[in-house]
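Structure, as structure tokens:
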Amino acid sequence: MRCCKRISLGLFALAVMALAAAPLRAADPRAGQALFQGSCVPCHVVADWKGKSGRQVAQAVTDVNSGKHEHPRKLGLSDAQVADLAAWLSTAGTR
């Protein structure tokens, strides 16, 4: 019986950790478009990202955001903003 309780507690803990790691909201492409137009357009065009997946866009923006890649200015974007930007840019060239 103790074994079953330990397994149940372990599974419960895993479920809680999985829920905690899940995103709280879906990416918002419209917010990503507004962010791109307000912050990125002075130097970038949508065509720069054509053919890139959301994951590729998110990784590139995260690398710039973290300082891994040089950029003329510090972005300071939240994870949600990176997701929004990636959601929009990964589909913008296909419309």
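The values are calculated or read from the model by the stated rules, or taken from the named source; none is laboratory data. Bear in mind that the values here come from a model prediction, so they are computed numbers and not experimental data. Quick reminder, even Gly has a Cβ in these numbers, built from the backbone with ideal geometry, and neighbours come from all protein chains shown.
Tabulated data for the structure shown
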quantity	calculated
Considering residues of segment 74-95 that are polar (S, T, N, Q) and surrounded by 11 or more Cβ atoms within 10 Å (Cβ to Cβ) only, the residue nearest to the chain's Cα centre (by Cα)	Gln81
Any hit, segment 63-73, residues being touching a helix residue (DSSP H, G or I) at 6+ places or on another chain (Cβ under 6 Å), aliphatic (A, V, I, L, M), surrounded by 12 or more Cβ atoms within 10 Å (Cβ to Cβ) and at negative phi	no
Residue check, Leu85 of a type in the set (A, V, I, L, M) and not in a helix (DSSP H, G or I)	no
Exclusive hit being of a type in the set (A, V, I, L, M) and touching a Leu at 6+ places or on another chain (Cβ under 8 Å), set Val82, Val46, Val41	Val46
Residue match in segment 68-81 (condition: in a helix (DSSP H, G or I) and in contact with a His (Cβ under 6 Å, 6 or more places away or on another chain))	no
Among residues of segment 44-62, those that are buried (at least 16 other Cβ atoms within 10 Å of the Cβ) and among the basic types (Lys, Arg), counted	1
Sole residue being farther than 24 Å from Trp88 by Cβ, of a type in the set (Gly, Ala, Ser) and either modelled with pLDDT under 90 or in contact with a Gly (Cβ under 6 Å, 6 or more places away or on another chain) (or both), chosen from Ala22, Ala18	Ala18
